[in-house]
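The values are calculated or read from the model by the stated rules, or taken from the named source; none is laboratory data. Note that the structure is a prediction, hence the values are computed from the model and not measured. Backbone-built Cβ (ideal geometry, glycine too); neighbour counts: all protein chains shown. Remember, those area values only see protein heavy atoms, side chains included, never the ligands or the DNA or RNA. Shrake-Rupley method; radii C 1.70, N 1.55, O 1.52, S 1.80 Å.
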Amino acid sequence: MQTTLNPAAPAFSRAGIVWLKLSVVYLIIGVSMGIAMGASQNFTLRPVHAHVNLLGWTTMALAGLIYSVFPKAGESRLARAHFWLMNLALPVMMVALGLVLFGRMAVVPVLGAAEIVAALGIVTFAANLFINLKN
Ligand code: HEM
């Protein structure tokens, strides 16, 4: 039998599960980068490591937990917009940031565009919670 965080909710929302699974993929990537940086003593990609862990793991896992506890918010149109904005922007943003850190300054506009899309994803998340979180 499936357990829920909120006994009043019928089950975890599908959206919450997808967010949580994606977040652990980012955790594995982020932790692997941390180990590689420590082993090589090359910390060039430190900001990528920090953002993969904090936006990819922490922020996405929190979204997954929130959308699980509040399935109405997890299944809203704003949640879908949040999902696609964040999940399309973040991989592009991380690769572009890595390239910029290695001196590929031509990639800066791509990085800027991905950052704006990711920020729109965060704004959508905030709007979703304000509109759809109800007792
Ligand atoms: C086994 C897991 C991890 C390893 C081996 C690791 C390793 C590292 C290393 C080697 C650095 C660079 C330290 C330096 O420059 O002196 C670093 C920085 C950092 N890590 Fe991790 N880390 C791990 C997990 C995490 C997690 C889970 C988070 C966040 C949720 C995180 C967030 C950060 C942040 C914010 C920085 C500082 C970035 C900066 O100053 O630009 N790390 N980590």
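Rolling a 1.4 Å probe over the heavy atoms of the protein chains gives region 17-129 an accessible area of 53 Å² per residue. Taking 19 Å as the cut-off, the amide N atoms of region 81-98 that come nearer than this to a point 7 Å along the Cα-to-beta-carbon line of PHE43 belong to 98. Length, then width, then depth: along the principal axes, the Cα atoms of the chain run 51, 31, 17 Å. The apolar share of the surface of the chain, taken as the fraction of accessible area on carbon and sulfur atoms (1.4 Å probe, ligands and nucleic acids excluded), comes to 73 percent. Fully extending the segment from GLU75 to LEU133 would add 19.7 nm, taking 0.36 nm per residue of separation and subtracting the current Cα-Cα distance.
Estimated purely from DSSP H runs of n ≥ 4, each contributing -39500 (n - 2.57), the mean residue ellipticity at 222 nm for the chain is -24000 deg cm²/dmol once divided by its residues. Entry note, the chain: relative contact order of 27 percent, from Cα contacts under 8 Å with a spacing of 6+ residues. Report, to the nearest 10°, how far helix 108-132 tilts away from the longest principal axis of the Cα atoms in the chain, using its own Cα long axis and a range of 0 to 90°. Helix 108-132 and the main axis of the chain meet at about 20 degrees. The charge dipole of the chain, taken about its Cα centre with unit charges on the Cβ atoms of Lys, Arg (+1), Asp and Glu (-1) only, comes to about 200 debye.
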